[in-house]
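A short reminder: the numbers here are calculations on the coordinates, not readings from a lab. Quantities reported herein were computed from a predicted structural model and do not represent experimental measurements. Reconstructed Cβ throughout: ideal geometry from the backbone, glycine too, with neighbour counts over all protein chains shown.
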């Protein structure tokens, strides 16, 4: 199968696999836009691609290009996404700034809110399952991988699933809620608590229960659970703004069937963002890092500046350049074999001392810039700045005359005492009579 949907999309190379089958790179043949194509065999024992994901993705913001059956496969064509937050976290030396975490938190809470509004729990909230977009959507956060998603209420009757206990752990233990470790059926509150652990993972660089050793998976889960329950949120969020403590207290205060106040949680972090004086310019840490690397590479590629050529400004030399008399300053000896001609340097003999401006990053996450709420214009591009350097040039005079008597040379044929006979025969200079102009006359000219 090379084309799907009557040739509208062309199937490319395989780029991954997951709980919903195999993921391929594809191309929209009409727009030439790259897309992702998910294929799931129709013979799958528990098909999920249409029965579950259709509901999850049924929103304009998800940009489903097409879904249906093509041959022996259930197919879905969706946006091609960029790197995961885990990839970008590792790129930034496993630490995100507060500004980056707050900008991400606003979108991540919204993605969880939307999923819940469709009647589903994600149940595997972790950095690997949040991806950034590409191209025009490079600053947009997406949530993926619904392999463990579960419907928590009937979409028509809005009836909530019943409370249960003694459930096995579903999801990733590092980010699982305390109730999930205790075997309680998951609900909306658990997705949000897991998201809080993701925020602290980004800020701290790690969580206190990482790296625990155990003989079996169950023993490891028990150790993680114990450490998580024995770590107060005040300790977990120590040295970070109190809003993160408030976030955990709110999530853990929710009852099983409670609908979370997503607006309150987003407002909690938005107010902190404004109070810190940040600008919502999408200057994530990885954007700043890339900008600084580009600037460093540009500086390394700059050519070295050539030494400037000294320019003499005496009236005698100025006169010599105009009259072409061919005399030189005291002690200078020409390499030219002809006399009485003032030689102009070639283009190559004058060094170009121009220097390209040194680029620098526009963004600095450590500085706090005041901003009026809601009036920031997002921008994710850096600017280059630098200093202009002056250019220095020079003119070289030829001639091998000594300077004992300038007047004598000016009243004679322009030949110099001690010049070789070969030089004297090279150019026949007619006898002329010149007078050296005064400095005042030189200035008038």
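Return a whole-number percent for the relative contact order of the range 83-290, with Cα pairs under 8 Å and 6 or more residues apart as the contact set.
Reported as a whole number, the value is 26 percent.
Sort 281, 271, 87 so that the residue with the fewest other Cβ atoms within 10 Å of its own Cβ comes first and the one with the most comes last.
Listed from fewest to most nearby Cβ atoms, that is 271, 87, 281.
Which order results if 106, 285 are arranged by neighbouring Cβ count within 10 Å, fewest first? Could you put the intermediate results ahead of the total?
Details: 106 16, 285 22.
The order, fewest Cβ neighbours first, is 106, 285.
Would you please classify the overall shape of the range 66-197 from the alpha carbon gyration tensor, given that a ≥ b ≥ c denote the square roots of the eigenvalues, rounded means a/c under 1.5, and beyond that prolate means a/b larger than b/c while oblate covers the rest?
Taking the square roots of the gyration eigenvalues as a ≥ b ≥ c, the range 66-197 is oblate.
Sort 29, 103, 132 by Cβ crowding within 10 Å, fewest neighbours at the top.
Lowest to highest Cβ neighbour count: 29, 132, 103.
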